[in-house]
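The values are calculated or read from the model by the stated rules, or taken from the named source; none is laboratory data. Predicted model only: the values in this text are computed from it and were never measured. We place every Cβ from the backbone using ideal geometry, glycine too, and count neighbours over all the protein chains shown.
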Amino acid sequence: MVNGRVYGRGAADMKGGLAAAMIALAALKRSGASFAGRLAVGALVDEEADMLGAQHFCTTAIGREVDAAIICEPEQNEVCLEQRGVVWARVTARGRMAHGAMPEAGVNPITAAGVLLGEVPALERRLRRLCARSRYLRPATVTPTVVQAPLEGIGQPNVIPSGARLTLDVRLTPGPDGAAVARELDAACSRARARCPGAAITWEAVNDFRLATRVERREPLVRAVTQAVRRVTGQAPRFGGVPGSTDGTILRMTLGIPIVTLGPGSRQIPHQADEHVEVAELVEAARIYVASALNFLEA
């Protein structure tokens with residue numbers, strides 16, 4: 001700890017939030033306060049990848065009993081009512097191998113993948129038209145993040161490979177369902193194929209579709225959290241949205257429960273060197289969690 005900050009990998013994303021939640025739970029237990037219901041802390045694994053922990057939690061007895069959830073992601077204790085959805089689309093272009101000196105003897109899948117990349121701006125515009133306008137989130141984005149050729153091994157400068165692959169990180173605001181997004185991805189591949197005779201261009205989802213989430217301010221959970229923020233900070237709550245998806249995405253999609261995301265730490269710090277969280281924010285988050293639980297589970 002240095003100058004009021006805790007440094008370390010995961011300090012902000014999101015061991016700080018987990019610590020604040022556990023402190024809140026312990027404080028409530030020690031207080032002997034009575035409330036109508038039960039309170040649990042879920043420390044769920046694999047949030048950065050397939051969210052296997054959240055998926056498993058939804059199948060457990062305690063998971064199926066949950067009525068609402070606060071997601072402790074680093075949002076500087078902002079009350080986040082929306083989360084962007086995500087699908088990682090892996091696009092594969094297949095052609096025909098040939099010698100680099102005689103490209104006419106083959107079909108270059110790298111060129112085909114490049115044509116598909118050229119479709120990304122149009123795909124992004126189409127998805128933005130499908131998505132609802134959000135007060136808290138950036139519009140939908142389609143970001144190429146991985147390009148690979150050949151499909152296996154290391155390429156050679158004089159060989160046209162048989163295949164190429166790229167991954168698109170598709171982020172969504174509330175509105176479209178998975179089928180609508182899939183149709184737009186299909187259409188983008190179809191347009192690229194039409195410009196690349198002899199090449200096959202297909203896509204598959206690397207992850208399950210995670211749809212964007214939204215909760216209204218009139219929800220009892222939101223009222224409980226906003227009242228807690230006012231009580232703890234003495235100020236009106238700041239509302240916002242989460243730029244990525246979280247365990248809350250799975251809870252909302254699978255269980256249909258309302259979720260609010262609020263936790264200590266800056267959203268700009270995770271996945272970087274010198275990750276840290278302010279001790280003052282940790283304490284404030286724990287107090288907000290306690291007050292939120294008492295408000296929501298008021299006897």
Expected single match for assigned to a helix (DSSP H, G or I), among the aliphatic types (A, V, I, L, M), touching a residue at least 24 places away in the same chain (Cβ under 8 Å) and closer than 25 Å to Asp46 by Cα among Leu221, Leu251, Leu185, Leu168 is Leu251
Exactly one of Gly53, Gly17, Gly63, Gly42 is in contact (Cβ under 8 Å) with a residue 12 or more places away in the chain, closer than 21 Å to Ile250 by Cβ, surrounded by 22 or more Cβ atoms within 10 Å (Cβ to Cβ) and in the same structural domain as Leu221 (by TED's automatic domain parsing), and that residue is Gly17
Just checking, does region 84-92 include any residue being surrounded by 13 or more Cβ atoms within 10 Å (Cβ to Cβ), out of contact with any His (no Cβ under 7 Å at 6 or more places or on another chain) and over 30 Å from Leu123 (Cα atoms)?
no
Yes or no: region 196-204 includes at least one residue that is part of a helix (DSSP H, G or I) and aliphatic (A, V, I, L, M).
no
Within region 119-137, is even one residue under 30 Å from Ile23 (Cα atoms), outside any helix (DSSP H, G or I) and not assigned by TED's automatic domain parsing to the domain that holds Leu262?
yes
In region 217-231, is there at least one residue being surrounded by fewer than 16 Cβ atoms within 10 Å (Cβ to Cβ) and of a type in the set (S, T, N, Q)?
no
Could you say whether any residue in region 161-171 is aliphatic (A, V, I, L, M), touching a Phe, Trp or Tyr at 6+ places or on another chain (Cβ under 9 Å) and modelled with pLDDT of 95 or more?
yes
When you go through Arg238, Arg231 one by one, which is the residue that is touching a residue at least 60 places away in the same chain (Cβ under 8 Å), basic (Lys, Arg) and farther than 27 Å from Arg128 by Cα?
Arg231
Of (1) over 22 Å from the mean Cα position of the chain (by Cα); (2) surrounded by fewer than 14 Cβ atoms within 10 Å (Cβ to Cβ); (3) without any contact (Cβ under 8 Å) to a residue 24 or more places away in the chain; (4) not assigned by TED's automatic domain parsing to the domain that holds Cys58, Ala179 satisfies all except one. Which?
(1)
Out of curiosity, is Glu184 of a type in the set (D, E, K, R) and either loosely packed, with under 15 Cβ neighbours inside 10 Å or within 24 Å of Leu25 (Cβ to Cβ) (or both)?
no
Quick count over region 262-283, residues being in contact with a helix residue (DSSP H, G or I) (Cβ under 6 Å, 6 or more places away or on another chain) and either surrounded by fewer than 18 Cβ atoms within 10 Å (Cβ to Cβ) or at negative phi (or both), is 8
Is there a residue in region 234-255 that is more than 20 Å from Pro74 (Cβ to Cβ), exposed (fewer than 15 other Cβ atoms within 10 Å of the Cβ) and more than 22 Å from the chain's Cα centre (by Cα)?
yes
